[in-house]
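A short write-up of the structure that comes next.
The values are calculated or read from the model by the stated rules, or taken from the named source; none is laboratory data. Not measured: the values here are computed from a predicted model. Cβ sites come from the backbone with ideal geometry, for glycine too, and all protein chains shown count toward neighbours. Surface areas here come from the heavy atoms of the whole protein model, side chains and all, with no ligands, DNA or RNA. Shrake-Rupley method; radii C 1.70, N 1.55, O 1.52, S 1.80 Å.
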Amino acid sequence: MSSPTPDALLGPADIRELAAALGVRPTKQRGQNFVIDANTVRRIVRTAEVRPDDVVVEVGPGLGSLTLALLEVADRVTAVEIDDVLAAALPATVAARMPERADRFALVHSDAMHVTELPGPPPTALVANLPYNVAVPVLLHMLATFPSIERTLVMVQSEVADRLAATPGNKVYGVPSVKANWYAEVKRAGAIGRSVFWPAPNVDSGLVSLVRRTEPVRTTATKREVFAVVDAAFAQRRKTLRAALSGWAGSPAAAEAALVAAGISPQARGEALTVEEFARIAEHKQQTGEDKQQTAEREQRSAEHEQHGENGK
């Protein structure tokens, strides 16, 4: 493989020139802040431990700063971009600045939240400067949709990075922390200064590393059932779990029964629990009268269907 030219990456002047040519003004609505420093994007690629055999998916590539740095190292890069103008321009930028790698690049013009498949081989890594306003849902969607993603490194607002990487007992531990931990081992992986962006954001940024669990959380509950407990526990995070989970369980008494059966104090709060403990609670939910009625109706319909089948023979 021929090595890319030294000036293949985008610098501050290149970014402004590209933006001007495209008539692009970064918008707050889409959380657009373009990285203008080549050293920063190379650092992100190093921190992400991108390998020559990696198939990387990037969300929100913008003008292509990080895309080009990824293409220097990875086997393939697929970028998912929602913005019409940016999506149209990116393949030409790659072809102009890194022609020898252009056949290793693919663009998906879509909202990342709606992406369910990607061209080419399954992605092995996710590396992205995520728009701050949608960072957590996009991250969780990508991890859920593409189980082949083993390693993830995302740049997000510093507070979001803290929440994602928080452990039980930490005051910022919450829904993002638990749900990210369902999929991966999560940790902070560095900080990024404001001056490497254009326009400079008025918040600090942080890197978060997520390495997919080799063994999924052991539970007989489904992910949806576990996440329902997590959402309920943190919707009223100052309340005890007995109170916070009463709506989810059907009553405070039913919530207490599930908690006791799971070996968790009804007086505990959500911020003290691991993802495994949330899973245990989900396993012990008692069927409410409404659930039982729905189950009975389903069984009756099934029996009637079988009866009709018998009669029709």
With springs only between Cα atoms under 10 Å, which of E185, E117, E283 fluctuates most in a Gaussian network model of the chain?
E117
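Can you tell me the accessible area per residue over the chain, all protein chains present, probe 1.4 angstrom, in square angstrom?
For the chain, the solvent-accessible area averages 49 Å² per residue.
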Size of charge dipole - the chain - debye, nearest 20, with Cβ of Lys, Arg +1 and Asp, Glu -1, no other charges:
920 debye
Label model pair T274, S110: point-to-point distance (7 angstrom along the Cα→beta-carbon line) in nm is 3.6 nm
Estimated FRET transfer efficiency (E117, E49; beta-carbon r; R0 35 Å; 0.05):
0.85
Given springs between every Cα pair under 10 Å in a Gaussian network model of the chain, which of T274, T214, T47 has the largest fluctuation?
T214
Would you mind pulling out the separation of the Cα centroids of region 124-178 and region 27-103, in Å?
19 Å
Over 23 Å (Cα to Cα) among K187/K285; K171/K285; K179/K239 -> K187/K285; K171/K285
Name the helices (complete DSSP H segments) of the chain with a Cα length along the long axis of 20 Å or more and a Kyte-Doolittle mean of at least 1.0, or state none.
84-97
First measure r as the distance between the Cβ atoms of R188 and D84, then evaluate 1/(1 + (r/R0)^6) with R0 = 30 Å and state the FRET efficiency to the nearest 0.05.
0.30
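What order, most packed first, do the peptides 74-86, 157-169 have when packing is the mean number of other Cβ atoms within 10 Å of each residue?
Taking the mean over residues of other Cβ atoms within 10 Å, the ranking is 74-86, 157-169.
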Here FRET efficiency (C-beta to C-beta, K223 to A96, R₀ 30 Å, nearest 0.05) is 0.10
What are the residues whose amide H is under 5 Å from the amide H of I192, where those residues sit 5 or more places off or on another chain and H is modelled from the backbone?
S205, G206, L207
How long are the three semi-axes of the equivalent ellipsoid for the chain, computed from the Cα gyration tensor as the root of 5 times each eigenvalue, in whole Å, largest first?
43, 24, 17
